[in-house]
Amino acid sequence: MDSWLNGQVGWRRVALTWLVFCPMGVTFGSLTQASIALQHPGCEQLAGDRFIQKCEPRLGAGFLVVAALSVLAVVPFAVLLAVLQRRWARRNPGRPFLSWCRIAFVWCLSAAGLLSTFSDQQQYGSGTRQSLSLSAGLLLVAAAVFFLLEMRRRRSTRMDAPRH
């Protein structure tokens, strides 16, 4: 799988990089929207439906609009990273830049941040808030597992590499 991920060229490499970074863009956009909403007077005390009714309209955009804008904002970063990946591959032949473990780590970490943001907007003590918080915690554990798998993979490829 890693060889397929790193074998992509041109627009496919940019598209793949864009897909890797989309969740981070949406999470960052959602966190930015939530922090802006909390800066309005009186919004820091609200949660759940009252927060959505009184504070989100002040922003002028719902979550879907923020997600769409965030996904589009990731495109320049994907192009930049695809160019850097190509240069890195030339300098380090045979060593993978992307791996499925790294992609799963990024997606789990981003989803945990997004669920945590949604959880903060729910009423205290509600089942939805607890479910979102539990899901975010499980995704953080999964992200840690994928991170450890990636470190183990990198260590084993480093030891197997021929020395000059």
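The conditions are (1) modelled with pLDDT of 85 or more; (2) over 29 Å from M1 (Cβ atoms); (3) under 18 Å from the mean Cα position of the chain (by Cα), and S119 fails exactly one of them. Which is it?
(1)
Every residue, every condition in (1) in contact with a Leu (Cβ under 8 Å, 6 or more places away or on another chain); (2) free of Cβ contacts under 8 Å to residues at least 24 places away in the same chain; (3) under 27 Å from V9 (Cα atoms), yes or no:
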| position | (1), (2), (3) |
| --- | --- |
| C101 | yes, no, yes |
| L134 | no, yes, no |
| G137 | no, no, no |
| L140 | yes, no, no |
| V145 | no, yes, no |
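Look through L72, L16, L38 and report the one residue that is modelled with pLDDT of 80 or more and surrounded by fewer than 16 Cβ atoms within 10 Å (Cβ to Cβ).
It is L72.
The values are calculated or read from the model by the stated rules, or taken from the named source; none is laboratory data. Note that the coordinates shown come from a computational prediction; the quantities given were computed from them, not determined experimentally. A quick note on method: Cβ atoms are made from the backbone with ideal geometry, for glycine too, and the neighbour counts reach across all protein chains shown.
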